[in-house]
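What follows draws every value from the coordinates through simple rules; no lab data is involved. Computed from a prediction, not measured in an experiment: that's the story for all the values here. Quick reminder, even Gly has a Cβ in these numbers, built from the backbone with ideal geometry, and neighbours come from all protein chains shown.
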Amino acid sequence: MKQDNLMAPWLKPLWESLDFANFPNAILLHGQSGIGKFAFSVELAKALLCENSNAAIKPCNQCEACHWFDTGNHPDFIALVPETHRKLLPHADYESDETPKRGKAARDDDGDSSEKKEKKNISIEETRHAIENLSIGSHRGGNRVILIYPLEMLRTDSANTLLKSLEEPPANTIFILLADRVDRVLPTIRSRCRLLTAPRPDREQGLAWLKTQLNNIDGLKVNDGDVETIYDEQGGAPFSVLSSLIARHNKDEKDELTISIQASRYLLQSMAQGVGINWLDTAEKTHKAQYGFLLASMQRWISDLQSVAQGGAPRYYPKHISTLQSLSKAVNVQRMLQLWKSLLQARRHENHPLANRIQLEALLSQYQQIFGP
């Protein structure tokens, strides 16, 4: 699918509010993961590099700069993203590109665990090399654009190097910084950027866009009920749902998002058992999935349980309302609030190299204990 086809309609008002004639040196676009920030930012980078003099029609898709960008070869576009996102950049053949080869070891399925984890991180060497060379003028004499995502995953030394560049921005250099969790971005970096909030679509709009995208994929058949269930389970993130359904269609069993969704569903089935949860078995069967993804699922379940216990309706798992109502009758509110605090604390450290299985066991054991007097 072409990039402009992926411009989410709920992000178009944000796009229309941008002033390309007076663009800041750095923006920090933040919002929930999976709502289209990355596709938006790639299109924004293209517009900022477009050499058409008419700012009202950027990107023009006609000039030489736009053609360079579309082939993944624009010399003034630098994308500092993990290997998991490089495939989303325009027509870039990273198997033959010299720069990403530095991280090739992280793509090998038979590599060790530290190499596999690197796939989700931004290379320290690549970040330092890109930022330290910003003093060199742009290749085409116009703007140079640095896209960094996810900003909150930058290591401390890389973040400090970035901060120095933001304090004294090189001429004609624009930073597009993306974060799923803006609270994890250094305040010193936040203060030097124009903050832009990416809104999440309402359910009707998000589902309509998602179903249109799915209908454009040959051979992909999925019923509306399944789509809506996954949509709710993933917190209303259309791009995440689209990626997971495409991976399932392609039978990509090693896709990280697919693994996490399957683990999350097993986690929810276990949590639906309330006091009868086998927390050891659940942790054993789910701990290899993305820890942050599992924590988010637990948070959504507890949020719905809190809502139902107070007489409200579930937001994330409406199809489980009868189970939630049954569990809410046996829940100890004070212990549930304490578990909520534990989940918030766990999310603050979800990217640290902790023993995920042990952490999950502790949280699921605490979940079992919220039921009863």
Completion exercise
Note: GLU168 to THR197 extended length (0.36 nm per residue) minus current alpha-carbon separation gives 8.0 nm
Handout entry: trypsin sites (Lys or Arg not before Pro) within segment 128-183, DSSP loop, no more than 14 other Cβ atoms inside 10 Å
Key = ARG155
Handout entry: segment 194-202 - phi-based ³J(HN,Hα) in whole Hz, Karplus 6.51/-1.76/1.60, Gly and Pro as x
Key = 7, 7, 10, 9, 8, x, 8, x, 6
Completion exercise
A student asked for the Cα radius of gyration and Dmax of segment 333-373 in angstrom ought to give 10.9, 36
Completion exercise
Any residue on another chain or 5+ positions along whose placed amide H is under 5 Å from the amide H of GLN290 is listed here as SER260
Handout entry: Amide hydrogen neighbours beyond the local backbone of ALA79, cut-off 5 Å, H modeled
Key = LEU147
Fill in the blank from the handout: Simple spin-label estimate for ALA355/HIS139, 7 Å along Cα→Cβ, in nm, reads 4.8
Practice task
Using a Förster distance of 30 angstrom, determine the FRET efficiency expected from the C-beta separation of LYS221 and LYS87, and round it to 0.05.
Solution key: 0.80
Problem - Mean separation of Cα contacts under 8 Å (6+ apart) over length of the chain, as relative contact order % - result: 17
Handout entry: Likely footprinting exposure, HIS30, HIS287, HIS129, fewest C-beta neighbours within 10 Å first
Key = HIS129, HIS287, HIS30
Exercise for the section: Among MET153, MET7, MET298, rank each residue by its count of other Cβ atoms within 10 Å, from fewest to most, as a rough exposure measure. Expected result: MET7, MET153, MET298
Exercise for the section: Could you please report the charge total around GLN205, scoring K, R as +1 and D, E as -1 over all other residues with beta-carbon less than 13 angstrom from its beta-carbon? Expected result: +2
Completion exercise
Row for segment 159-237, column shape: gyration tensor on C-alpha, a ≥ b ≥ c, rounded if a/c < 1.5 i.e. under 1.5, prolate if a/b over b/c, else oblate; value prolate
Exercise for the section: Treat each spin label as a single point 7 Å out from the Cα along the C-beta direction, and report the GLN310 to THR188 distance in nm. Expected result: 3.9
Practice task
With θ set to phi - 60°, apply the Karplus curve 6.51 cos²θ - 1.76 cosθ + 1.60 along segment 323-328 and write out the HN-Hα couplings as whole Hz, x wherever there is a Gly or Pro.
Solution key: 5, 5, 5, 5, 5, 5
Practice task
Multiply the residue gap between GLN62 and MET7 by 0.36 nm, knock off their C-alpha separation, and tell me the result in nm, one decimal place.
Solution key: 17.9 nm
Practice task
Would you mind checking which residues have amide H under 5 Å from THR173's amide H? H placed 1.01 Å from N; only 5 or more apart, or other chain.
Solution key: ARG144
Completion exercise
In this structure, among LYS37/LYS211; LYS58/LYS87; LYS211/LYS288; LYS37/LYS164; LYS12/LYS46; LYS12/LYS58, pairs with alpha-carbon gaps over 21 Å are LYS58/LYS87; LYS211/LYS288; LYS37/LYS164
Exercise for the section: Just check segment 175-220 against the gyration tensor rule for me: Cα atoms, a ≥ b ≥ c as the square roots of the eigenvalues, rounded for a/c under 1.5, and otherwise prolate or oblate depending on whether a/b exceeds b/c. Expected result: prolate
Problem - Cα pair count fraction exceeding 33 Å, expressed as % - the chain - result: 35
